[in-house]
Amino acid sequence: MNTENRELSEYPRMLSRSISYLHRQKIKFMNARLKDYGIIGAMYIIMLSVARNPGTSQDAIVTHMNIDKCTVARRTHKLVDLGYIRKDTNEADRRQNRLFLTEKGEAVIPVIREALSLWADTMAEGLTSEEEKSLVELLEKVVENYAANH
């Protein structure tokens, strides 16, 4: 097997390994920075989604963020218990709750955004701005390719 074919045969494993590694490390990174707030796992993603779309529903978060419905339900319940989010019944569809950040939740959003910026800066260390742009473009293309075929 020539070098190019061997490198191509390693592509699926290397791609999966890299994505998995980065995902796990991001979870650890964010959990460590948000643990004093009681925020773990997908909770910060839900909070950011509510911050961007006040009045959104859990179903909209599931669809938009591609997070498991049960995970969103459990994490949202915990965020309500922690006082970061409040639920209001949607008068147009009483089966749906509209989600809003509380004052306490609003106060944590800058902390979450700062942690995400630090994560991005850590990942981009040593990359030129052109390399950062290319990396994002390539990843977006991969996501689009997957979405188009599934």
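Worth a mention:
- Hey, residue 148 of a type in the set (A, V, I, L, M), free of Cβ contacts under 8 Å to residues at least 24 places away in the same chain and exposed (fewer than 10 other Cβ atoms within 10 Å of the Cβ) or not: yes
- Matching residues, the range 61-87, being outside any helix (DSSP H, G or I) and surrounded by 11 or more Cβ atoms within 10 Å (Cβ to Cβ): 67, 68, 83, 84, 85, 86, 87
- Among (1) surrounded by fewer than 10 Cβ atoms within 10 Å (Cβ to Cβ); (2) within 26 Å of residue 147 (Cβ to Cβ); (3) not aliphatic (A, V, I, L, M) - the single one residue 36 does not satisfy: (2)
Readers should treat all values here as calculations from the given coordinates under stated rules, not as data from a laboratory. Quick caveat: nothing in here was measured; it's all calculated off a predicted structure. Please note: Cβ atoms are built from the backbone with ideal geometry, for glycine as well, and neighbour counts cover all protein chains shown.
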